[in-house]
Amino acid sequence: MRIISVINQKGGVGKTTTTANLAHALALAGNKVTVIDLDPQSHLASSLGIDGREYSGVDMVLLENIPIENLIIKVRENLNIIPAGADLGQIEHLSQGGVKKGSGLRDALKDQLQDQDYILIDCPPASGLLAVNALLASQEVLIPVTGDYLSLEGLSFLMATIKNFEKKLGHHLKEWIVLTRLHTRRRLGKEVLAKILEYFPNKVFSTHIRETAALAECPGMGKTIFEYRSKSNGALDYQALANDLMHANTIKAEFEGVD
């Protein structure tokens with residue numbers, strides 16, 4: 001089982017879009033997948049067609065030690081979700097107890113969900129206690145980055161934060177980067193990708209997620225891109241990204257441009 005946090009402290013980079021559509025792509029490929037909505041806004045659940053605040057979820061795992069397997073909701077064939085729950089936001093304000101150390105989710109997942117191939121954790125756009133829970137529970141992180149220089153600066157800051165986290169807690173994470181919301185005709189996106197490849201070689205997935213209207217529209221319908229526009233560029237891109245994740249397909253050659 002691979003446990004992967006989809007994380008970036010910067011908002012608007014496509015974390016939830018990537019979690020929902022990548023998870024469904026993996027499920028469609030025959031993998032058993034569970035997603036965990038660790039963002040109090042519950043956008044991941046909405047993207048998959050349910051109101052995550054109407055269900056008990058990971059909030060009860062962290063606050064009340066409810067077994068995580070008791071909170072699974074099946075949303076697609078081979079695809080389950082553990083929703084955020086209405087009280088998840090309280091976690092960031094805790095000042096006492098075991099959850100303070102950030103190990104609640106890791107402990108909850110120990111020896112649980114062992115029949116799953118992938119667990120994807122949709123993280124909030126912050127670096128607080130919820131993010132620490134996600135990182136400690138994971139073996140890998142997937143970082144969506146948009147093609148602009150502010151995102152590049154944010155990526156550098158996040159990588160430094162992860163390295164500091166690894167050093168303090170002795171917990172190593174495999175890092176993956178995916179370029180999202182890419183406008184292929186804009187030179188800026190190509191320049192940003194070239195910089196990312198320069199600073200973080202062998203960490204950037206071969207597939208880039210192109211900006212499309214369909215990807216922006218499908219969450220409002222409670223559908224993934226494969227249900228909303230199965231032949232769109234977004235569907236092709238997330239299918240290819242799933243293949244990259246399964247086989248560790250990264251860009252290894254010197255950057256030559258964006259296809």
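Miscellaneous remarks
- Residue within the range 16-23 that is open to solvent by 10 Å² or more (accessible area, probe 1.4 Å) and not hydroxyl-bearing (S, T, Y) present: no
- Residue match in the range 149-156 (condition: at pLDDT 90 or above, part of a helix (DSSP H, G or I), among the small types (G, A, S) and more than 17 Å from the chain's Cα centre (by Cα)): no
- Given (1) within 22 Å of N21 (Cα to Cα); (2) of a type in the set (G, A, S); (3) open to solvent by 20 Å² or more (accessible area, probe 1.4 Å), number of the condition S127 does not satisfy: (1)
A quick yes/no check of all residues on (1) open to solvent by 10 Å² or more (accessible area, probe 1.4 Å); (2) closer than 21 Å to K10 by Cα; (3) acidic (D, E):
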residue	(1), (2), (3)
I162	no, yes, no
K168	yes, no, no
H171	yes, no, no
L182	no, yes, no
L188	yes, yes, no
I196	no, yes, no
Y199	yes, yes, no
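- Among the residues making up the range 186-234, those that are touching a His at 6+ places or on another chain (Cβ under 9 Å) and at pLDDT below 90 are G189, L193.
- Wholly within the range 182-257, helices (runs of 4 or more DSSP H) carrying at least 2 residues that are within 28 Å of Q139 (Cα to Cα): 187-199, 225-228, 233-247
- Counting only helices (runs of 4 or more DSSP H) that sit wholly inside the range 56-138, those with at least 2 residues that are at pLDDT below 95 and touching an Asp or Glu at 6+ places or on another chain (Cβ under 8 Å) are 58-64, 129-137.
- All positions within the range 81-94 that are in contact with a strand residue (DSSP E or B) (Cβ under 7 Å, 6 or more places away or on another chain) and open to solvent by 30 Å² or more (accessible area, probe 1.4 Å): none
The values are calculated or read from the model by the stated rules, or taken from the named source; none is laboratory data. Everything numeric in this text was worked out from a predicted model, so none of it was measured. For neighbour counting, all protein chains shown are included, and Cβ atoms are generated from backbone atoms with ideal geometry for every residue, glycine included. Heavy atoms of the whole protein, side chains included, go into the accessibility calculation; ligands, DNA and RNA do not. Shrake-Rupley method; radii C 1.70, N 1.55, O 1.52, S 1.80 Å.
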